[in-house]
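What follows is a short report on a single structure.
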Amino acid sequence: MQTVDVVVIGAGPAGTVAASYLKKQGYSVTILEKEKFPRFQIGESLLPCCMEHLDESGLLEAVKPLNFQKKTGAAFMRGEKRCEFYFSEQYTKGWTWTWQVKRADFDNTLAEATRAKGVDVNFECEVLAVECGPEKQVIDYKDVDGDMHRIESRFIIDASGYGRVLPRLFDLSKPSAFSPRGAVFSHLEDKNRSEEASNNIFVHSFDDNKSWIWAIPFSDGSTSVGIVGDREKIIDLAANGGEKYKDFIRDFKDLNGRFKESQLIFEPRHILGYSVGVKKMSGEGFVLSGNSTEFLDPIFSSGVTFATASGLLSAKMTHRHLQGEVVDWTKDYEEVVQGGIDVFRSYVNGWYTGDFQTIVFAKTIDEDIKNQICSVLAGYVWDQSNPFVKKHDTILPTLAKVIQMKERAEA
Ligand SMILES: Cc1cc2nc3c(=O)[nH]c(=O)nc-3n(C[C@H](O)[C@H](O)[C@H](O)COP(=O)(O)OP(=O)(O)OC[C@H]3O[C@@H](n4cnc5c(N)ncnc54)[C@H](O)[C@@H]3O)c2cc1C
């Protein structure tokens with residue numbers, strides 16, 4: 001039987017960032033990944049903050065040569081209304097740009113770069129059972145031929161994303177408070193898009209803020225286009241090979257015919273009920289990171305940034321633990337990760353109540369306020385000097401109310 005210091009479950013962004021960091025500290029690390037890479041994954045628009053995590057784990061340089069589409073901001077639209085955020089104007093000092101990525105290429109590059117650092121990366125190995133203890137963790141997995149194997153480690157990082165291996169095995173999941181929503185999406189040809197549409201993610205709100213469309217441009221001239229809405233709406237749009245999705249994308253008036261003549265690169269896919277929480281993020285012999293913890297909603301493209309942030313922090317805590325330090329996992333890990341998630345939770349709530357739109361589509365928006373919101377949209381949700389982080393749970397509804405009163409008085 002093989003014995004290593006750390007087993008990481010999953011080779012998505014959370015897993016590869018965690019594994020690369022730990023390898024750098026001198027540990028033996030094995031990744032077990034269910035799929036064969038490259039594989040499709042949703043989650044294509046990154047946030048500037050994740051560049052810091054890729055850099056610190058030693059993975060950023062491997063991604064640069066892929067020449068992914070540079071993303072310098074985000075544009076929100078609703079009918080005639082429009083608001084653009086540019087990361088170069090954000091309040092927090094940090095990265096001013098990031099990438100829009102096809103995850104098949106991005107994740108495969110991260111996995112290969114992680115392997116090149118000496119991590120044992122095993123594809124088509126599905127973790128089926130885990131037994132945790134104070135000193136030793138036992139992991140059973142199935143390889144591509146269906147043969148079972150066992151590996152032991154001192155510690156486990158569960159970065160299995162939507163697979164949620166340990167939350168499932170240890171009954172750690174808890175339902176999300178958000179309404180059950182879904183998304184239907186594809187990649188479309190988009191060769192004639194404007195420069196602005198190339199540099200930014202476009203987000204169109206409609207249906208009284210209940211539904212929205214993303215357009216995420218790639219460097220090869222294609223664009224990812226997805227519709228998010230309540231469960232029934234998405235099931236309807238995705239039925240019969242996504243017939244209604246195709247019609248909607250071609251005819252939706254706020255897209256101004258952008259995809260009228262576009263060919264789809266693959267048949268529309270859909271995903272339902274992705275919002276889920278977790279009862280705790282660590283336990284004896286293991287820690288959860290990335291989507292294995294909590295996933296809120298795709299609206300602010302925060303998923304990969306949370307994966308890299310929590311992947312990196314989980315690796316740092318694991319390092320301390322393996323050095324014999326008594327780690328306060330609740331305070332030093334869970335509360336930090338949860339703190340960031342809770343900031344985004346307020347913004348996701350604000351999006352679906354319409355408070356966020358009231359603020360960004362106001363007749364005038366104070367530049368300081370806009371730049372502070374911009375830092376949240378760039379993923380800098382741990383900067384407590386930013387009032388839009390610190391007072392995240394009250395500031396959006398309060399500001400929206402003030403704007404509504406002012407605009408009513410002026411009308
Ligand atoms: C509709 C939608 C749109 C989104 N858009 C964005 C976006 O624009 N930007 C963004 O940042 N995020 C977005 N997200 C979120 C994003 O998809 C995730 O947050 C992100 O992929 C999480 O990364 P991860 O490393 O935690 O997990 P993943 O990327 O899911 O990787 C986990 C890996 O674990 C493997 N695995 C699973 N089970 C097992 C097992 N039993 N054994 C071994 N391996 C296993 C999987 O095969 C997978 O490769 C979106 C989500 C949805 C639902």
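Each reported figure results from applying straightforward, stated rules to the coordinates on display, with no laboratory input. For clarity, every value in this text was computed on a predicted model and none was experimentally measured. Quick reminder, even Gly has a Cβ in these numbers, built from the backbone with ideal geometry, and neighbours come from all protein chains shown.
Just want to confirm a number: the relative contact order over the chain, from Cα pairs under 8 angstrom separated by 6+ residues, in percent.
It rounds to 21 percent for the chain.
Apply the Karplus parameterisation 6.51 cos²θ - 1.76 cosθ + 1.60, with θ equal to phi minus 60°, to every residue of segment 62-74 and state each ³J(HN,Hα) to the nearest whole Hz, in sequence, with x for glycine and proline.
5, 7, 3, x, 6, 6, 5, 4, 6, 10, 10, x, 9
Can you list the residues, at least 5 places off or on another chain, whose amide H is less than 5 Å from the amide H of Val278, using H built in the peptide plane?
Lys174
Can you tell me the orientation of helix 367-377 relative to the chain, as the angle in degrees between its alpha-carbon axis and the longest Cα principal axis, to the nearest 10?
40 degrees
With +1 on each Lys and Arg Cβ and -1 on each Asp and Glu Cβ, how big is the dipole of the chain about its Cα centre, in debye rounded to the nearest 20?
600 debye
Please work out the C-alpha center-to-center distance from segment 1-34 to segment 282-341 and express it in whole Å.
15 Å
Expressed as a rounded percentage, what relative contact order does segment 16-95 have, with Cα pairs under 8 Å and six or more residues apart?
It comes to 28 percent, rounded to a whole number.
With θ set to phi - 60° and the Karplus curve 6.51 cos²θ - 1.76 cosθ + 1.60, what are the ³J(HN,Hα) couplings of segment 288-296 in order, to the nearest whole Hz, using x for Gly and Pro?
So the J values, rounded to whole Hz, are 9, 9, x, 5, 5, 7, 10, 10, 8.
Compute the distance from the alpha-carbon center of segment 53-91 to that of segment 121-149, in whole Å.
Taking the Cα centre of each part, segment 53-91 and segment 121-149 sit 36 Å apart.
As a quick test, which of the pairs Lys174/Lys280; Lys71/Lys244; Lys71/Lys391 have an alpha carbon distance above 19 angstrom in this structure?
Lys71/Lys244; Lys71/Lys391
Is any residue of segment 357-389 close enough, with backbone N under 19 Å, to a label point placed 7 angstrom from the Cα of Asn256 along the Cα-Cβ axis, and if so, which?
Residues 361 qualify, since their backbone N sits under 19 Å from the label point.
Helix 335-353 versus the longest principal axis of the chain: what angle, 0 to 90°, nearest 10, using Cα atoms?
Around 30 degrees separate the two axes.
Nearest 10 degrees, 0 to 90: what angle lies between the long axis of helix 392-410 and the longest principal axis of the chain (Cα atoms)?
Result, in degrees: 0.
Hey, which lysines would be in cross-link range of Lys64, C-alpha to C-alpha under 25 Å, not counting anything within fewer than 8 residues on its own chain?
Lys23, Lys24, Lys36, Lys93, Lys102, Lys117, Lys191, Lys316
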